[in-house]
Amino acid sequence: MLSKHLINVKYIVYLVYRFKKKNIMKNIITLLALVAIVAIGTAQEKNNKDKYVLTGLDGNVVEATLYHDNGVVAQTGFYTLDNKLQGKWVSYDTNGNKTAIAEYDKGKKVGSWVFFQGETIREVTYMNSKIAKVNTFKKDNTQIVSN
């Protein structure tokens with residue numbers, strides 16, 4: 001992104017040099033217009049929009065990357081073509097730290113989910129989209145609670 005801005009600045013300098021022999025006022029107005037265009041383009045680039053990409057061997061899922069307002073990735077995962085959560089989903093906090101890993105099968109919660117909360121890790125096992133078991137660990141791999 002920085003290199004793109006350097007290219008834009010070099011282009012502005014080139015245009016100013018090119019028009020150097022013409023009216024100075026016209027050059028100033030042209031320069032200000034170009035700076036405004038670059039500023040507007042830069043402001044729009046900072047707005048990270050969620051991304052959706054059709055993937056899979058036969059194009060049967062949509063890969064999603066969702067962002068927090070600060071531009072940090074909030075979630076990554078997949079949707080089926082009929083808009084149901086599918087496969088592995090990973091969630092992140094606004095600092096980019098992983099907060100959860102989840103599994104879906106056609107919109108239903110399946111398998112073991114892992115939640116990261118400070119020094120505590122919770123593993124929640126789902127069966128038929130309902131909680132079947134919960135294990136709580138400390139990051140040093142010591143089991144605290146099993147339910």
The range 51-146 shape via C-alpha gyration tensor axes, a/c threshold 1.5: oblate
Cα-Cα over 27 Å, subset of Lys88/Lys130; Lys49/Lys139; Lys106/Lys138: Lys49/Lys139; Lys106/Lys138
Long-range amide H partners of Gly111 with built H, under 5 Å: Tyr126
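Readers should treat all values here as calculations from the given coordinates under stated rules, not as data from a laboratory. Being a predicted model, the structure only gives us computed values, none of them experimental.
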